[in-house]
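The values are calculated or read from the model by the stated rules, or taken from the named source; none is laboratory data. Here the structure is a predicted model, which is why all the values come from computation and not from measurement. Every residue, glycine as well, gets a Cβ built from its backbone with ideal geometry; the counts of neighbours run over all protein chains shown.
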Amino acid sequence: MPNLAALHPQVVHFVVALIVVGVLFRWLALAGRGTWLSPAALTLVVLGTAASLVAVRSGVDAHGPVERVPGARSAVVEHEEWGERARNAFLVLLVLEVVATTLAARQLGAARAAGAAAAVAGLISIGVLYKAGEAGGDLVYNYAGGVGIRSGDPADVNRLLIAAAHHQANLDRQQGRPEDAAAILANVADRFPDHLELQLARVDSLVSDRKDPSAALVRLDAIRIPTDDTRMRIRAGLLRSSALAASGDVTAARQVLETLKAEFPTNAQIQRRLAEIGQAGR
């Protein structure tokens with residue numbers, strides 16, 4: 001059987017959309033808004049339930065590598081359990097929808113009661129679906145479950161490592177550990193010497209975390225900034241100005257900013273930094 005792990009994020013969104021709209025249509029049908037709403041609700045629930053079967057299967061296919069992440073197993077298990085509960089709730093809902101739609105088509109007296117049962121079951125199903133989604137969000141955003149490995153492309157794992165280093169460095173700074181922030185950025189920057197933004201982040205860290213503007217200028221001189229990359233040119237220029245100012249050469253820092261301003265006269269960052277330099281020089 002094919003491995004459906006890579007399809008899991010896409011399929012679960014279909015489940016949410018189809019089931020929620022299907023339940024909405026059932027409630028509208030119960031309110032007597034249109035005879036077409038009952039069969040429409042059934043159709044959407046059929047499609048949503050079918051999608052939930054694929055979602056559960058793709059989730060099972062995806063859980064192995066995620067479960068092996070240290071500390072993530074409990075989150076994986078919780079998401080799987082709620083996903084299976086949601087699938088089961090949809091199967092019950094589907095049976096009730098078939099009954100309600102069949103009775104309504106035949107104009108039988110029990111049609112309204114069956115429709116009400118389907119409507120209530122739909123709300124319960126959405127509640128279970130919400131819990132499954134909440135557990136999935138917890139797994140992805142709190143444990144990085146599946147992040148970086150879904151496509152099988154090693155570059156995605158590299159991006160995950162860079163993002164983790166960025167966030168950890170910010171957290172270290174917030175907790176008063178600038179040296180730790182500098183160390184983790186330096187470590188990852190050494191691993192990816194051709195990553196321009198990462199190298200500039202390391203320069204920034206040398207100035208702000210390690211208070212070593214001289215080392216920052218040496219690093220900056222070794223970085224090749226593409227002439228057609230406006231954003232990186234401005235960032236590198238601002239970093240150079242900051243490093244020069246931190247080393248005590250305010251005049252050189254101002255000259256760098258003036259050169260940048262001549263080339264990019266409307267850039268707010270350059271203008272703000274010039275104002276700060278001017279105030280500092282008074």
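Yes or no: segment 105-113 includes at least one residue that is on the phi > 0 side of the Ramachandran plot and either of a type in the set (Lys, Arg) or more than 15 Å from the chain's Cα centre (by Cα) (or both). Spell out the reasoning first.
Start the filter on segment 105-113 by keeping residues that are on the phi > 0 side of the Ramachandran plot, which leaves 107.
In the following step, the residues that additionally are either of a type in the set (Lys, Arg) or more than 15 Å from the chain's Cα centre (by Cα) (or both) were identified as 107.
Scanning segment 105-113 turns up at least one residue that is on the phi > 0 side of the Ramachandran plot and either of a type in the set (Lys, Arg) or more than 15 Å from the chain's Cα centre (by Cα) (or both).
Quick check on this structure: which one of Arg26, Arg57, Arg33, Arg68 is among the charged types (D, E, K, R), surrounded by fewer than 21 Cβ atoms within 10 Å (Cβ to Cβ) and over 28 Å from Tyr141 (Cα atoms)? Before you say what the answer is, go through the steps one by one.
Values: Arg26 fails: surrounded by fewer than 21 Cβ atoms within 10 Å (Cβ to Cβ); Arg57 fails: over 28 Å from Tyr141 (Cα atoms); Arg68 fails: over 28 Å from Tyr141 (Cα atoms).
Step by step, each of Arg26, Arg57, Arg33, Arg68 is checked, and only Arg33 is among the charged types (D, E, K, R), surrounded by fewer than 21 Cβ atoms within 10 Å (Cβ to Cβ) and over 28 Å from Tyr141 (Cα atoms).
Suppose the filter is closer than 20 Å to Pro213 by Cβ, among the β-branched types (Val, Ile, Thr) and out of contact with any helix residue (DSSP H, G or I) (no Cβ under 8 Å at 6 or more places or on another chain); does Thr251 pass it?
On the way: closer than 20 Å to Pro213 by Cβ: yes; among the β-branched types (Val, Ile, Thr): yes; out of contact with any helix residue (DSSP H, G or I) (no Cβ under 8 Å at 6 or more places or on another chain): yes.
In short, yes.
Restricting to segment 196-210, name every residue that is touching a helix residue (DSSP H, G or I) at 6+ places or on another chain (Cβ under 7 Å) and not aliphatic (A, V, I, L, M). I'd like the intermediate steps shown before the answer.
Narrowing segment 196-210 to residues touching a helix residue (DSSP H, G or I) at 6+ places or on another chain (Cβ under 7 Å): 196, 198-207, 209-210.
Correct list: Gln199, Arg202, Asp204, Ser205, Asp209, Arg210.
Mind checking which residues of segment 99-142 are among the hydroxyl-bearing types (Ser, Thr, Tyr) and either surrounded by 20 or more Cβ atoms within 10 Å (Cβ to Cβ) or under 19 Å from Leu24 (Cβ atoms) (or both)?
If the condition is that a residue be among the hydroxyl-bearing types (Ser, Thr, Tyr) and either surrounded by 20 or more Cβ atoms within 10 Å (Cβ to Cβ) or under 19 Å from Leu24 (Cβ atoms) (or both), then Thr101, Ser125, Tyr130 are the ones that fit.
Out of the residues in segment 20-36 meeting the condition of being at pLDDT 95 or above and aliphatic (A, V, I, L, M), tell me which one is nearest to Ala104 (Cα to Cα). It would help to see each step written out before you state the result.
Pass one, segment 20-36, residues at pLDDT 95 or above: 20-28.
Filter again for aliphatic (A, V, I, L, M), leaving 20-21, 23-24, 28.
On the way: Val20: 21, Val21: 19, Val23: 16, Leu24: 17, Leu28: 14 Å.
Among them, the one singled out is Leu28.
Scan segment 140-150 for residues that are of a type outside the set (A, V, I, L, M, F, W, C) and either closer than 17 Å to Val12 by Cα or in contact with a Ser or Thr (Cβ under 6 Å, 6 or more places away or on another chain) (or both) and jot them down. Even if it seems obvious, please write down each step before you answer.
Going through segment 140-150, the residues of a type outside the set (A, V, I, L, M, F, W, C) turn out to be 141-143, 145-146, 148, 150.
Matches in segment 140-150: Tyr141, Gly145, Gly146, Arg150.
Looking at segment 176-191 only, could you name the residues that are surrounded by 14 or more Cβ atoms within 10 Å (Cβ to Cβ), not acidic (Asp, Glu) and not in a loop (DSSP other than H, G, I, E, B)? Even if it seems obvious, please write down each step before you answer.
Keep residues of segment 176-191 that are surrounded by 14 or more Cβ atoms within 10 Å (Cβ to Cβ), which gives 177-178, 180-186, 188-189.
Add one more test, that the residue is not acidic (Asp, Glu), and what stays is 177-178, 181-186, 188-189.
Result: Pro178, Ala181, Ala182, Ala183, Ile184, Leu185, Ala186, Val188, Ala189.
Going through segment 152-175 one residue at a time, which ones are touching a residue at least 12 places away in the same chain (Cβ under 8 Å), assigned to a helix (DSSP H, G or I) and either touching a helix residue (DSSP H, G or I) at 6+ places or on another chain (Cβ under 8 Å) or more than 15 Å from Glu197 (Cα to Cα) (or both)? I'd like the intermediate steps shown before the answer.
So in segment 152-175, the residues touching a residue at least 12 places away in the same chain (Cβ under 8 Å) come out as 152, 158, 160-162, 164-166, 168-169, 172-173.
Now drop any that are not assigned to a helix (DSSP H, G or I), which leaves 158, 160-162, 164-166, 168-169, 172-173.
Answer for segment 152-175, where residues must be touching a residue at least 12 places away in the same chain (Cβ under 8 Å), assigned to a helix (DSSP H, G or I) and either touching a helix residue (DSSP H, G or I) at 6+ places or on another chain (Cβ under 8 Å) or more than 15 Å from Glu197 (Cα to Cα) (or both): Leu161, Ile162, Ala165, His166, Gln168, Ala169, Asp172, Arg173.
If you take just the helices (runs of 4 or more DSSP H) that sit entirely in segment 192-282, which of them hold at least 1 residues that are within 26 Å of Asp156 (Cα to Cα) and within 32 Å of the chain's Cα centre (by Cα)?
Details: elements: 196-208, 213-221, 230-246, 250-263, 268-280.
Qualifying helices (runs of 4 or more DSSP H): 196-208, 230-246.
Which residue out of Asp209, Asp221, Asp190 is in contact with a Pro (Cβ under 8 Å, 6 or more places away or on another chain) and either among the charged types (D, E, K, R) or farther than 16 Å from Ala253 by Cβ (or both)? Spell out the reasoning first.
Details: Asp221 fails: in contact with a Pro (Cβ under 8 Å, 6 or more places away or on another chain); Asp190 fails: in contact with a Pro (Cβ under 8 Å, 6 or more places away or on another chain).
Just one listed residue meets the conditions, Asp209.
Note down all Cβ pairs under 6 Å where the first residue falls in segment 111-140 and is under 30 Å from Glu67 (Cα atoms), the second is surrounded by fewer than 19 Cβ atoms within 10 Å (Cβ to Cβ), and they're at least six residues apart or on different chains.
That search, which allows pairs on different chains as well, returns Val128/Arg85; Ala135/Glu78.
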